[in-house]
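Just so it is clear, none of the values below were taken in a lab; they were calculated from the coordinates. Keep in mind it's a predicted model, so treat the numbers as computed, not measured. All Cβ positions, glycine included, derive from the backbone under ideal geometry; neighbour counts span all protein chains shown.
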Ligand SMILES: Cc1cc2nc3c(=O)[nH]c(=O)nc-3n(C[C@H](O)[C@H](O)[C@H](O)COP(=O)(O)O)c2cc1C
């Protein structure tokens, strides 16, 4: 019988417990990884639907409901940000494309110009979610991200087929202070963006979160109410929004999209080498 109080026994016992626990944790991490990835994607796709106004924040939306939207009305496609063209659908599955991983990969991203949004690298390809209505594009949802006061904030913005009117906004991943900058996650503040314009008459991304209150969207389309006590986050949102709407972000794509006026067709297969876009 082993001497349970001998140093050798104690060390061997502790080592065995550590190895067994490490094994259990590793197996659990590996086995749960697909479920974690699926949940993260479900959460993001639910926020795409929220931005597009297809579901409400209070709606109970599970995997089945999200899948139904994506099978019918929502079509995810990849955009080449450098040219503004859509990538052929069969080249990549846009729904499983990891844009955050891409912008951290030097082989799948390029350096951003100096900017105030804390963006170091831009992914070569970015996701655009087309929302269809009666067989035509009704709106498109683009991804936003940038540095807030306390960390990176991630969101989605839905833009009408006219290429400039905001249809909806969500911020679904952020570290701003609740009640201050954290108001970016408040559906009431997000609703203030609806009906406003992303570009001015010259096509420049001028939408700005102001200190204090803006006028109604029809009279004051390029300004949004700031969050009180949170000017740092408000300014950060202006900078990151303008960055992604600029030609360094989705700008080139949005100009092509707006010109199509709802006729850009993400569902039609286009021959390789074509413009990747089809206008009616
Ligand atoms: C603990 C703490 C947390 C804060 N969190 C935020 C924040 O998330 N976003 C923000 O813009 N300001 C935040 N502030 C306030 C800023 O320091 C700054 O005062 C504010 O942005 C100025 O906005 P105002 O000009 O509207 O007062 C925080 C301040 C404190 C003390």
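Worth pointing out:
- Options 137, 141; residue that is crowded, with 22+ Cβ neighbours inside 10 Å and either closer than 18 Å to residue 252 by Cβ or touching a strand residue (DSSP E or B) at 6+ places or on another chain (Cβ under 9 Å) (or both): 141
- Residue that is farthest from residue 83 (Cα to Cα) [pool: residues in segment 223-248 that are more than 16 Å from the ligand (Cβ to nearest atom) and in contact with a strand residue (DSSP E or B) (Cβ under 7 Å, 6 or more places away or on another chain)]: 242
- Within segment 205-219, the set of residues being surrounded by 15 or more Cβ atoms within 10 Å (Cβ to Cβ) and part of a loop (DSSP other than H, G, I, E, B) comprises 206, 207, 210, 214, 217.
- Any hit, segment 31-53, residues being part of a loop (DSSP other than H, G, I, E, B), farther than 19 Å from residue 127 by Cβ and over 16 Å from the mean Cα position of the chain (by Cα): no
- Test result for residue 4, loosely packed, with under 12 Cβ neighbours inside 10 Å and either in contact (Cβ under 8 Å) with a residue 40 or more places away in the chain or touching a helix residue (DSSP H, G or I) at 6+ places or on another chain (Cβ under 9 Å) (or both): yes
- Residue match in segment 83-92 (condition: surrounded by fewer than 18 Cβ atoms within 10 Å (Cβ to Cβ) and within 15 Å of the chain's Cα centre (by Cα)): no
- Segment 227-239 residues that are part of a loop (DSSP other than H, G, I, E, B), paired with ones that are within 6 Å of the ligand (Cβ to nearest atom) (beta carbon under 6 Å, 6 or more apart): 229/180; 230/180; 230/181
- Test for residue 220: is it within 20 Å of the chain's Cα centre (by Cα) and either over 24 Å from residue 111 (Cα atoms) or more than 10 Å from the ligand (Cβ to nearest atom) (or both): no
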